[in-house]
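Reading through the C-alpha cells given below for one structure.
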Amino acid sequence: MSQEIEYRRGRHVVSAMHIHLVFVTKYRRNVFDDAMLRRCEDIMIEVCDSFEAELREFNGEHDHVHLLV
C-alpha cells in the first residue's frame, strides 16, 4: 500500500497533519438536509482557505458532519 504524503516544510520544521472533525447536532436531531450540507461544505472550504488549509474530504448525514482537513 503506497500513499503519497504531502509534507509541509518550513525553515526548521517538516510536518504532515491531518485532522478529522465531527460536528454533531444537539441530541443527534435530524436537522441537516442536502441543501444545508452543500452550503456547509462551501463554508468549510472558505474557512479552510482563509487558514491556508485544505479540506480533503467532507461528508455528512442528517445529524452530523465529517471533515478531513
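The values are calculated or read from the model by the stated rules, or taken from the named source; none is laboratory data. From a predicted model like this one, the values you see are computed outputs, not experimental measurements. Neighbour counts run over all protein chains shown; Cβ positions are idealised from the backbone, glycine included. SASA here: full protein model, heavy atoms, side chains in, ligands and nucleic acids out. Shrake-Rupley method; radii C 1.70, N 1.55, O 1.52, S 1.80 Å.
Within region 1-21, take every residue that is farther than 14 Å from LEU67 by Cα and open to solvent by less than 100 Å² (accessible area, probe 1.4 Å) and give me the one that is nearest to the chain's Cα centre (by Cα).
ALA16
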> Looking only at region 47-59, which residues are of a type outside the set (S, T, N, Q) and loosely packed, with under 10 Cβ neighbours inside 10 Å?
Replying inline: PHE51, GLU52
> In region 17-32, how many residues are among the aliphatic types (A, V, I, L, M) and in contact with a strand residue (DSSP E or B) (Cβ under 7 Å, 6 or more places away or on another chain)?
Replying inline: 3
>> Looking only at region 22-41, count every residue that is free of Cβ contacts under 8 Å to residues at least 12 places away in the same chain and surrounded by fewer than 11 Cβ atoms within 10 Å (Cβ to Cβ) and tell me the total.
In response: 4
